[in-house]
1. Checking THR3 against (1) part of a loop (DSSP other than H, G, I, E, B); (2) at pLDDT 85 or above; (3) among the polar types (S, T, N, Q), which single condition isn't satisfied?
2. Could you grab me the full set of residues in segment 33-42 that are near the ligand (Cβ under 8 Å from one of its atoms) and without any contact (Cβ under 8 Å) to a residue 24 or more places away in the chain?
3. Considering only residues that are assigned to a loop (DSSP other than H, G, I, E, B), buried (at least 16 other Cβ atoms within 10 Å of the Cβ) and touching a residue at least 60 places away in the same chain (Cβ under 8 Å), look in segment 18-29 and name the one that is farthest from the ligand (Cβ to nearest atom).
4. Can you pull out every residue in segment 43-79 that is in contact (Cβ under 8 Å) with a residue 40 or more places away in the chain, in a helix (DSSP H, G or I) and touching a Pro at 6+ places or on another chain (Cβ under 9 Å)?
Amino acid sequence: METMDNDLTFGVYDALCLACDVPAMVNDIGLCESCNAKMERDLIRQREWDYSASAFGCPVDKREELRNHVIAQYGKALELLAAEPPRTARSRSRKKKRKPTR
Ligand SMILES: [Zn+2]
């Protein structure tokens, strides 16, 4: 089956990105591709391995290496998350902006 040529599962539906509020193709947690990339890096910085798609396929003993790599490349400041628990589809907070419309 042919899909969009992305390495991640984007192309789910068009909606507003939860983070930047721009209409875009968002993934299953409501983030556009660039915000998702930022969140991935934030999750790795915070060692939220279970939430990170990049870390998911990464062997446990390579995770710190991955984190060091992210920090070396992008710095250790969080880009998207504000030092709070990651927002997932299940624990979507209502206080922030609009929810994605289907
Ligand atoms: Zn976005």
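1. (2)
2. SER34
3. Only one residue fits best here, namely ILE29.
4. Initially, segment 43-79 is screened for residues in contact (Cβ under 8 Å) with a residue 40 or more places away in the chain, giving 43, 46, 53, 79.
Still in the list and also in a helix (DSSP H, G or I): 43, 53.
Answer for segment 43-79, where residues must be in contact (Cβ under 8 Å) with a residue 40 or more places away in the chain, in a helix (DSSP H, G or I) and touching a Pro at 6+ places or on another chain (Cβ under 9 Å): just LEU43.
Here's the yes/no breakdown for (1) away from the ligand (no atom under 16 Å from the Cβ); (2) modelled with pLDDT under 95; (3) in contact with a Lys or Arg (Cβ under 6 Å, 6 or more places away or on another chain); (4) among the hydrophobic types (A, V, I, L, M, F, W, C):
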{"site": "LEU31", "(1), (2), (3), (4)": "no, yes, no, yes"}
{"site": "GLN46", "(1), (2), (3), (4)": "yes, yes, no, no"}
{"site": "TYR51", "(1), (2), (3), (4)": "yes, yes, no, no"}
{"site": "CYS58", "(1), (2), (3), (4)": "yes, yes, no, yes"}
{"site": "ASP61", "(1), (2), (3), (4)": "yes, yes, no, no"}
{"site": "HIS69", "(1), (2), (3), (4)": "yes, no, no, no"}
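The values are calculated or read from the model by the stated rules, or taken from the named source; none is laboratory data. Given the structure is predicted, the values throughout are model-derived calculations rather than measurements. When we count neighbours, we look across all protein chains shown, and the Cβ atoms used for this are built from the backbone with ideal geometry, even at glycine.
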